[in-house]
1. Can you tell me the FRET efficiency between residue 69 and residue 443 if r is taken as the Cβ-Cβ distance and R0 is 51 Å, rounded to the nearest 0.05?
2. At 0.36 nm per residue, minus the direct Cα-Cα distance, what do residue 139 and residue 229 gain on full extension? Give it in nm, one decimal, please.
3. Mind running the shape call on segment 1-145? Use the C-alpha gyration tensor, a ≥ b ≥ c as the square roots of the eigenvalues: rounded below 1.5 for a/c, prolate if a/b tops b/c, oblate otherwise.
4. For the chain, compute the orientation-averaged projected area of the C-alpha convex hull (one quarter of its surface), in nm².
5. Among the DSSP beta bridges whose two residues both lie in segment 399-489, what percent are antiparallel, rounded to the nearest 5?
6. Along Cα→Cβ, 7 Å out, is where each label goes; now give me the distance between the ones at residue 48 and residue 455 in nm to one decimal.
7. How far apart, in nm, are two points set 7 Å out from the Cα along the Cα-to-Cβ line at residue 283 and at residue 111?
8. At 7 Å along Cα-to-Cβ for each site, give me the label-to-label distance between residue 352 and residue 334 in nm.
Amino acid sequence: MDRPRYSEQEEREYLARGYWRDDDTLWHWLQRHAAERPQAPAVVAGGATLTWNALQARVLRVAQGLKDKGIGAGDVVAVQLPNTPEFLLVHLALARLGAVMCTVHMPYRGAEIEAILAHSGAKLFFTSAYPFSELEAAAPLPAEHPAPDARDAFLLLYTSGTTASPKAVPHPYRTLLGNSRMGSREHRLTERSRILCAAPLSHLYGLYSLHCAWAVGACTVLLPAYKPDELAQLVERERPTALWAGPAHMAACRNAGLFERHDWSSLELAIVSGSIPPAPLMRELAARLPGCAVTQLWGMTELQAGLYTRPSDPPGLSATNAGRPSPGTEVRISADGELQVRGPLTFCGYCKNDEATRAAFSPDGWFRTGDLAEERGGNYAITGRSKDIINRGGVKFNPADVEALLDAHPQIQQSAIVPMPDPVLGEKACAYITLRPGCAAPSLDELVSYLVAKEIAKNKLPERLVVIAEMPLTPTRKIMKGRLRLPEEA
């Protein structure tokens, strides 16, 4: 993969101000922690602890194993793994080789996976079924192997589009690791911190937790897959000091009474992100976790952590605001209320999608986030979205590929999928359909079975069906989704 291109002026400014550093690579960070604190805990998983020295040794063997498979600098490797040590080892090993990791979300199946593999040009697809022991059987990668460059891409992350219109975001070390290095300081993390993330590491929010930990040499506590009771048990057993979670994760723990039944007192920091958290939930978390700073964070795949409240902020502020810009980040609100961003954290363009890149930036170089915001005395609140995306529990997706399949259904004339409010997940998908002449309406269960057979991911399935007589259309026959209303709202 080609190196992302930034202007010479940007490079000089961001390096001079310390937003970017030449030693901001995962390999440099791992080397430093293994040399300075070899026996300190780096990873806790399944009751076992991996030290920094042991982690480095395993990474070098996995790197050589991947090199033996033909993986080298610039190659893309797709990775579909849960939050396990194997994910961390592959991530770090690919970084040591100068290769690029392309994450594939765990719910994805045939159609979504094929689209990503084809678009990314991945040379290898890594899943839980891969014989990992074969990689670790290799001798360590020699020390003279060329070190990665902070300007090189190391992650290729897909946004909402899959089979509909893939948008792949390549990130060099500089953007993400600089943002994480400075963020770890803002979040008051230290080498003594123990960080637990409830979100998947395949999402940039999860990776941000990992990179913040690695920036300061903190210990990462792994939860393979989120279940409310397992999260609560892990917090009680492993005593993390910081928790990354989405509003849906925390709401489920509250609804299950897990704050009363388990000991959460080790937490000093909670970062809530992934979707707009309800203010009552944030206030309740602050009350139930009295020794913990409950903060809010806003970010995107294109820029990682753009806004967040700080641990010193009052709970009331964090309940209703996404916070202030991360170090070096500039934000503005356009005339139509859209939040726009520029700075050392932003990507410089989508991979193989020049049209989307042009549309993503204003003429004067600001990234158009598609999110609506308000400025409140130096803090910003996210108030909605202008893009046609559904945000289900922090997992955002474009429903265009699902709509295309519904439009091909023998009983359906037209379809449109829009978000409907949900008290736990924030949003769920609601499918509106019109029928072909003489056809009876299919049930929701029938449509779900039809889409499952087409290998649509579970999180993208419609969870409500509304049959209407005709779609609201523009003069050019485009569906006006903004005019679709649930029956109870009519």
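Taken together, the values in this text are just the output of simple stated rules run on the coordinates, not laboratory data. Note that this is a predicted model, so its numbers are computed, not measured. Cβ atoms come from the backbone with ideal geometry, glycine included; neighbour counts cover every protein chain shown.
1. Details: r = 47 Å, r/R0 = 0.93.
According to the calculation, E is roughly 0.60.
2. Details: separation 90, 0.36 × 90 = 32.40 nm, distance 4.00 nm.
Stretched fully, the residue 139-residue 229 segment lengthens by 28.4 nm.
3. Details: a/c = 1.65, a/b = 1.06, b/c = 1.56.
Verdict is oblate for segment 1-145.
4. Values: hull surface 95.1 nm².
Average projection, Cα convex hull of the chain: 23.8 nm².
5. Values: 11 of 15 bridges.
Roughly 75 percent of the DSSP beta bridges within segment 399-489 come out antiparallel.
6. 3.3
7. Taking the simple label geometry, residue 283 and residue 111 are separated by 4.3 nm.
8. So the two model labels end up 2.7 nm from each other.
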